[in-house]
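Q: I am attaching a structure below and will ask some questions about it afterwards.
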Amino acid sequence: MFVTISKDTLVEVRDLHHYLDIWRCLESGFNIGSLPCALDLKNMLTHLNGEDYQSINEYLCAIKSIADSLAAMQSLVSDLESIQVNIAGLPSDYDTFVNTFFLLPRHVTFDDLHSELLSNDNGI
């Protein structure tokens, strides 16, 4: 394992003798560095605006991409948060759609909203 670690990182783990201790040290070091990145991604997610994209599909893909990046850093984005971000950034043309969509008595997921927005996109 030591042959794949940079010299700077090797200094951090050189006195550790068990692979689990080495792994925990590495994991801790990289998680600290990813916190600013995760915060930046969360900020980007909350400031997405559907009007900045050519289509609703591009907008939805941008949300999904950021959510996937956050998930890869162990900072999951819940369905509720994805839905809130999506609705907050939708152009005003979608107000009627949003009001109607949430009147339905069912549990709504981001995938449900995504599908409905795509199928409704042709009508707006």
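The values are calculated or read from the model by the stated rules, or taken from the named source; none is laboratory data. Fair warning: this is a prediction, and the values are worked out from it, not measured in the lab. Methodologically, a virtual Cβ is constructed for each residue, glycine included, from the backbone with ideal geometry; neighbour enumeration extends over all protein chains shown.
Residues checked against (1) in contact with a strand residue (DSSP E or B) (Cβ under 7 Å, 6 or more places away or on another chain); (2) crowded, with 16+ Cβ neighbours inside 10 Å; (3) more than 30 Å from residue 35 (Cβ to Cβ); (4) of a type outside the set (D, E, K, R):
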| position | (1), (2), (3), (4) |
| --- | --- |
| 71 | no, no, no, yes |
| 75 | no, yes, no, yes |
| 81 | no, yes, no, no |
| 86 | no, yes, no, yes |
| 91 | no, no, yes, yes |
| 97 | no, yes, yes, yes |
| 104 | no, no, yes, yes |
| 107 | no, no, yes, yes |
| 112 | no, no, yes, no |
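Q: Being acidic (Asp, Glu) and closer than 18 Å to residue 63 by Cβ is the filter here, so list the residues in the range 87-106 that pass it. Break it down stepwise before answering.
A: Taking the range 87-106 first, the residues acidic (Asp, Glu) are 93, 95.
Result: 93, single match.
Q: Then there's this: Looking only at the range 45-76, count every residue that is in contact with a Lys or Arg (Cβ under 8 Å, 6 or more places away or on another chain) and either outside any helix (DSSP H, G or I) or polar (S, T, N, Q) (or both) and tell me the total.
A: Pass one, the range 45-76, residues in contact with a Lys or Arg (Cβ under 8 Å, 6 or more places away or on another chain): 70, 75.
Filter again for either outside any helix (DSSP H, G or I) or polar (S, T, N, Q) (or both), leaving 75.
So the answer is 1.
Q: Scan (1) farther than 30 Å from residue 9 by Cβ; (2) touching a helix residue (DSSP H, G or I) at 6+ places or on another chain (Cβ under 9 Å); (3) in a loop (DSSP other than H, G, I, E, B) for the single condition residue 105 breaks and write down its number.
A: Looking at each condition in turn, residue 105 falls short on (2).
Q: Being within 19 Å of the chain's Cα centre (by Cα) and either surrounded by fewer than 11 Cβ atoms within 10 Å (Cβ to Cβ) or more than 18 Å from residue 120 (Cβ to Cβ) (or both): is that true of residue 40 here? Please lay out each step first, then the result.
A: Values: within 19 Å of the chain's Cα centre (by Cα): yes; either surrounded by fewer than 11 Cβ atoms within 10 Å (Cβ to Cβ) or more than 18 Å from residue 120 (Cβ to Cβ) (or both): yes.
Yes.
Q: If you take the residues of the range 15-37 that are of a type in the set (A, V, I, L, M) and in a helix (DSSP H, G or I), which of them is modelled with the lowest pLDDT?
A: Taking the range 15-37 as the starting set, the residues that turn out to be of a type in the set (A, V, I, L, M) are 16, 20, 22, 26, 32, 35.
Okay, now just the ones that are also in a helix (DSSP H, G or I), so 20, 22, 26, 32, 35.
Details: 20: 77, 22: 76, 26: 72, 32: 54, 35: 75.
Selected residue: 32.
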